[in-house]
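The values are calculated or read from the model by the stated rules, or taken from the named source; none is laboratory data. These numbers come from a predicted model, not from an experiment. So basically every Cβ, Gly included, is an ideal-geometry build from the backbone, and we count neighbours across all protein chains shown. The accessibility values were calculated without ligands, DNA or RNA, using every heavy atom of the protein model including side chains. Shrake-Rupley method; radii C 1.70, N 1.55, O 1.52, S 1.80 Å.
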Amino acid sequence: MYKIAVLGDRDSVLGFKALGLDVVFVEDTDTAREALHRLAREDYAIIYITEQLAKDLTGEIARYKDAVTPAVILIPGKTGSLGLGASALQSAIERAVGADIT
């Protein structure tokens with residue numbers, strides 16, 4: 001059975017634990033990189049990652065962009081949105097539809 005994880009700093013992701021999601025606390029890029037790849041190997045279908053971590057992991061996230069699993073979804077962290085999640089969603093829509101629909 002597939003699982004869902006949330007990867008980010010403690011303050012940003014702790015609330016997701018109450019929803020029953022697996023939460024992984026990371027504070028630096030190297031630890032986040034290792035955790036992302038570990039989660040991908042452990043049958044996680046969806047990995048939410050804070051934009052603050054994702055900005056330094058673009059290469060690692062791109063590795064999973066065309067894979068069926070895991071779906072790596074960017075979410076705002078405790079400091080707010082950096083616009084990376086919206087940009088990634090727009091890019092995915094353009095790839096699926098074949099044109100910019102906005």
Reach of K3 by Cα under 22 Å, taken over lysines that are not fewer than 8 positions away in the same chain: K17, K65
Projected label distance in nm at D66 and D28, using a 7 Å step from Cα toward the beta-carbon: 3.4
With every protein chain in place, the stretch 1-74: carbon and sulfur % of accessible area (1.4 Å): 51
Sites A18 and T79, calculated FRET efficiency, Cβ-Cβ separation with R0 30 Å, nearest 0.05: 0.90
